[in-house]
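Bear in mind that the values in this text are calculations on the coordinates, not laboratory data. These numbers come from a predicted model, not from an experiment. Using ideal geometry, Cβ is built from the backbone for each residue, glycine included, and neighbour counts are taken over all protein chains shown.
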Amino acid sequence: MTLSDRISPMHDALGKAAAAGLRRDPQDQAVRLGTQALIGQIMFFFACRSVVCAWLDPDNYTREHIDFIADTLIPTTSASLGLPSGAVGAKGTLV
Amino acid sequence: MASEGLIVLQCPDTAVEMRPTATVNRDFVWPSGEVSQSRIFLSVGKPLASSGCSGFAMRELAHAAKVILGALICHSGGIRKLYYETIFWFIDDIGPVFTPIIRQLSEVVGRATIDREALEDYVENFLRGSLADGFSASRLSPALARVFP
């Protein structure tokens, strides 16, 4: 039920977004792999945020650090989906 | 059902009323209401998710949820039923989070051939929001807690 009602619809939606970005069929193997890579990145930063924080600077962790992480990651992740991003050099827009 | 300041327990299956005795720690009374039920599911969710039904005794789960063991057994009907109820509760709980994301993704994907910029913007916002959500749950640093109280 978790898989069919929550996880699969989200994977499918992200897969269609990746397919639209890459201009390919959602069933394409490369699209499926790209979707999993996208989900994997997000899940990594959920599950391993303690590792990320420790690696950066846990004693002085501020909003600017999160903006830095987002501004650094978003262009590469977007580019992997064939989507240019204007986030390079951005100061962050977290609210 | 409340009576004379005590929380009266209504067992769903047996319709047997239970009430905490005077010797019971006041922190360990069965809390009635949806908010308290949510608290119980939140409390037992992590141990059940990490170790499954067989990894914990009901006593430990009752302690984690700060409820009377007997009340937890009476209400839940056993650890397996509690496990399934907890899973269903989390499925319902994440529904309001996932549903709008899926709907918005579908909308921008539908327009992607004529409005690619909208897809770019949505993916960027989705990633930024996901990162912010992930780090806002962090309890690593007081500084971070001040950022995301």
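Data table
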read-out: 3J(HN,Hα) from dihedral phi, the stretch B:123-130, Karplus parametrisation 6.51/-1.76/1.60, rounded to Hz, x for glycine, proline; value: 4, 5, 5, 4, 5, 5, x, 5
read-out: Sorted by Cβ density within 10 Å, fewest first, the residues A:Ser78, B:Ser51, B:Ser106; value: B:Ser51, B:Ser106, A:Ser78
read-out: Partner chain coverage, peptide B:113-121 - average Cβ within 10 angstrom; value: 3
read-out: Cβ-based exposure ranking for B:Arg80, A:Arg49, A:Arg24, in which fewest neighbours within 10 Å come first; value: B:Arg80, A:Arg24, A:Arg49
read-out: Per-residue average of Cβ from other chains inside 10 Å of A:37-48; value: 3
read-out: Likely footprinting exposure, B:Arg116, A:Arg6, A:Arg23, fewest C-beta neighbours within 10 Å first; value: A:Arg23, B:Arg116, A:Arg6
